[in-house]
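The values are calculated or read from the model by the stated rules, or taken from the named source; none is laboratory data. What you see is a predicted model; the values in this text were computed from it and never measured. So basically every Cβ, Gly included, is an ideal-geometry build from the backbone, and we count neighbours across all protein chains shown. These area figures cover heavy atoms from the full protein model, side chains too; ligands, DNA and RNA do not enter into them. Shrake-Rupley method; radii C 1.70, N 1.55, O 1.52, S 1.80 Å.
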Amino acid sequence: MRVLLIGSGGREHALAWAISSSDKCQALYCAPGNAGIESCAELIDIKAEDVDGITDFAKNNQIDLVICGPEAPLVLGLADKIKALGIPVFGPNQAAAQLEGSKGFMKDLCTKYGVPTAAYGRFTDFESAKKFIEEQPHKVVVKTDGLAAGKGVIMCDTKEDAIEAARGMLEGASFGDAGSEVVIEEFLDGEELSYFALADGKGILPLTSAQDHKRAFDNDEGPNTGGMGAYSPAHLMTPEIEAKIIKNIIEPTVKGMNADGIPFTGVLFAGIMVVNGEPKLIEYNIRFGDPECQPIMMRLQSDLLEILYAAAKGELANIQDKVSWSDETTLCVVMAANGYPGSYEKNTVINGLGNAAQTDGVNIFHAGTAKAENGDILSVGGRVLGITAKGHSVQQAQERAYAAIDKIEWNEGFCRRDIGWRAIKAEKEEAA
Ligand code: AMP
Ligand code: GLY
């Protein structure tokens with residue numbers, strides 16, 4: 001199979017790593033990729049959002065499968081264009097991509113098909129939004145309807161904060177078009193986990209869980225980020241909770257979208273809040289999480305290419321028993337450029353990666369890296385590396401990841417030192 005992968009992050013490096021190990025992979029191209037992906041794919045100089053450029057490349061290079069990592073090209077209609085060429089594509093079409101692209105769409109779908117989620121209202125005018133906030137008996141979260149680079153979600157401690165957040169979005173245009181409609185919802189108090197399942201336009205194939213660490217600094221302090229580390233499976237996942245997520249959340253979503261004439265193909269990444277043992281949906285993403293994808297790919301024991309191809313072709317029913325996972329835990333620690341998620345320096349040199357990659361049970365996935373002409377690895381993004389390790393316990397996986405990190409020479413970067421802390425605390429409590 002000749003495969004084209006879209007994206008340039010740590011998620012895509014993990015996907016490229018898994019795809020390139022498949023016997024069925026004859027050629028792997030990645031647009032635009034990064035310095036790590038270069039070791040397992042041929043890099044193509046086309047940006048992920050350049051839908052026409054990607055479509056032309058797929059047409060002219062006998063591509064058998066296109067796999068899209070990030071959401072933006074899907075929201076722009078990449079899958080529709082690739083499908084029109086008769087090429088299978090892993091990722092939803094533009095209509096189904098609304099599941100992530102429009103929070104209002106997602107919430108209305110939940111209401112229609114009985115998916116448990118936070119109570120909410122949708123508003124385009126400020127006075128009605130204000131009235132709704134004033135009437136709520138609980139704390140609220142104010143969200144832009146559209147994509148706002150992960151920043152369109154404001155947790156509000158007081159009604160005054162919520163009113164100001166809604167005013168900024170609806171009247172101050174603080175998020176541009178993304179905020180011309182808002183969703184105001186009930187604040188859910190619980191512990192979060194991420195759950196992943198594939199859909200092929202007909203049915204589903206459940207995958208596994210992970211837990212992300214969104215704040216920049218240790219003890220979950222500092223600003224929100226795209227994710228500073230993740231491990232899989234999530235410690236609070238039990239067979240009971242997983243069964244509820246599949247039955248009450250994933251299945252009705254996919255059946256409902258089929259019934260509404262907008263079948264979903266690709267990966268459903270459900271952000272779940274577990275409230276008193278009951279999973280509730282916070283949001284859907286239409287992509288693998290980054291960094292959740294890195295530990296998930298390290299636990300997958302089956303042929304990823306075969307699985308993604310089956311999803312793209314509508315043939316998941318044929319491979320239900322073929323997917324197996326390692327019983328071990330995997331854990332990814334993100335190294336980011338100093339200053340991230342604010343402004344940071346670029347083009348600093350990272351040394352010691354070869355040595356670090358020799359650490360037992362460790363894979364280093366690149367995100368914002370590029371290769372200089374002299375062969376140096378340079379940081380070119382906010383999140384730069386994902387040091388991912390496998391272990392018999394979360395503690396062992398964490399020790400291995402940090403042992404590798406200690407061999408990396410990069411003064412201009414930082415990482416959290418406590419990735420997996422909730423799970424390690426639970427492991428210690430169980431052992432005591
Ligand atoms: P989202 O972009 O919708 O994933 O929201 C980002 C983060 O905000 C989530 O990962 C949660 O930590 C938090 N969040 C969003 N909605 C809620 C809610 N209704 N209750 C509590 N936390 C929320
Ligand atoms: N790590 C969360 C995300 O990919 O959105």
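Find out how many positive minus negative residues lie around residue 359, taking Lys and Arg as positive, Asp and Glu as negative, among other residues whose Cβ is under 12 Å from that of residue 359.
Computed value for this residue: 0.
Using the Karplus curve 6.51 cos²θ - 1.76 cosθ + 1.60 with θ = phi - 60°, what ³J(HN,Hα) values do you get for each residue of region 369-385, in whole Hz, with x for Gly and Pro?
Result, ordered by residue: 10, 9, 9, 6, 4, 7, x, 4, 8, 10, 7, 10, x, x, 8, 10, 9 Hz.
Compute the distance from the alpha-carbon center of region 281-314 to that of region 344-366, in whole Å.
Distance between centres, Cα-based: 24 Å.
Given axes a ≥ b ≥ c from the Cα gyration tensor, I'd like to know whether region 1-63 is rounded (a/c under 1.5), prolate (a/b larger than b/c) or oblate.
In terms of gyration-tensor shape, oblate.
Filter 151/390; 214/428; 47/322; 255/322; 112/247 down to the pairs with a C-alpha to C-alpha distance above 27 Å, please.
Listed pairs above 27 Å: 151/390; 47/322.
Label points 7 Å out from Cα along the Cβ direction at residue 411 and residue 42: separation in nm?
4.1
Suppose R0 equals 35 Å. What FRET efficiency, 1/(1 + (r/R0)^6) with r the Cβ-Cβ distance, do residue 94 and residue 374 give to the nearest 0.05?
The pair residue 94/residue 374 has a calculated efficiency of 0.25.
So what is the relative contact order of the chain, in percent, for Cα pairs below 8 Å that sit 6 or more residues apart?
Normalised by residue count, the contact order of the chain is 16 percent.
In region 28-58, which GluC sites (Glu not before Pro) fall in coil by DSSP and have 16 or fewer other Cβ atoms within 10 Å?
Filter output for region 28-58: 49.
I'd like the carbon and sulfur percentage of the solvent accessible area for region 237-363, probe radius 1.4 Å, heavy atoms only, ligands and nucleic acids excluded.
The value for region 237-363 is 44 percent carbon and sulfur by accessible area.
Charges only on Cβ, +1 for Lys and Arg, -1 for Asp and Glu: so what's the dipole of region 239-368 about the Cα centre, in debye to the nearest 20?
With Lys and Arg at +1 and Asp and Glu at -1, about 280 debye.
Whole number please: convex hull volume per residue of the Cα set in region 250-293, in Å³?
82
By the scheme Lys and Arg +1, Asp and Glu -1, what is the net charge of all other residues having a beta-carbon under 12 Å from that of residue 415?
Within the 12 Å Cβ shell, the charges total 0.
In Å², what does the accessible area per residue of the chain work out to with a 1.4 Å probe?
About 41 Å² of surface per residue is accessible.
Take each of the peptides 186-192, 66-72, average the number of other beta-carbon atoms within 10 Å over its residues, and list them starting from the highest.
For the peptides 186-192, 66-72, the packing ranking is 66-72, 186-192.
Between beta-carbons, use under 9 Å as the cut-off and find the net charge around residue 338, counting Lys and Arg +1, Asp and Glu -1.
Taking every Cβ under 9 Å from that of residue 338, the sum is -2.
State the percentage of accessible surface on region 123-171 attributable to carbon and sulfur atoms; use a 1.4 Å probe and exclude ligands, DNA and RNA.
53
Evaluate E = 1/(1 + (r/R0)^6) for residue 301 and residue 393, where r is the Cβ-Cβ distance and R0 equals 22 Å; express this FRET efficiency to the nearest 0.05.
For R0 = 22 Å, the calculated efficiency reads 0.70.
Among 332-341, 209-218, how do they line up from the highest to the lowest mean number of other beta-carbon atoms within 10 Å?
Ranked from most to least packed, the peptides come out as 332-341, 209-218.
What is the Cα radius of gyration of the chain over 2.2 N^0.38 Å, N being its residue count?
Taking the Cα Rg and dividing by 2.2 N^0.38 Å, one obtains 0.95.
Assuming R0 = 41 Å, what is the FRET efficiency of residue 321 and residue 155, from their Cβ-Cβ distance, to the nearest 0.05?
That gives a FRET efficiency of 0.45.
How big is the Rg/Rh ratio for region 291-332, C-alpha atoms only, Rh by Kirkwood, two decimals?
Answer for region 291-332: 1.03.
So how far apart, in nm, are the two label points at residue 358 and residue 52 if each is 7 Å from Cα heading toward Cβ?
Label at residue 358, label at residue 52, 5.0 nm between them.
Which residues does the label zone of residue 202 cover in region 16-31, counting backbone N under 17 Å from a point 7 Å along Cα→Cβ?
Counting only backbone N, you get no residues.
Where the centre of each part is set by its Cα atoms, how far does region 213-245 sit from region 68-105, in angstrom?
When both Cα centres are located, 26 Å separates them.
What is the log10 of I(q)/I(0) for region 344-386, computed with the Debye formula using one identical point scatterer on each Cα and no solvent, at q = 0.19 Å⁻¹?
Here log10 of I(q) over I(0) equals -0.57.
With a 1.4 Å probe and every protein chain kept in, tell me what percent of the accessible surface of region 22-93 is carbon plus sulfur.
With neighbouring chains kept in place, the figure for region 22-93 is 44 percent.
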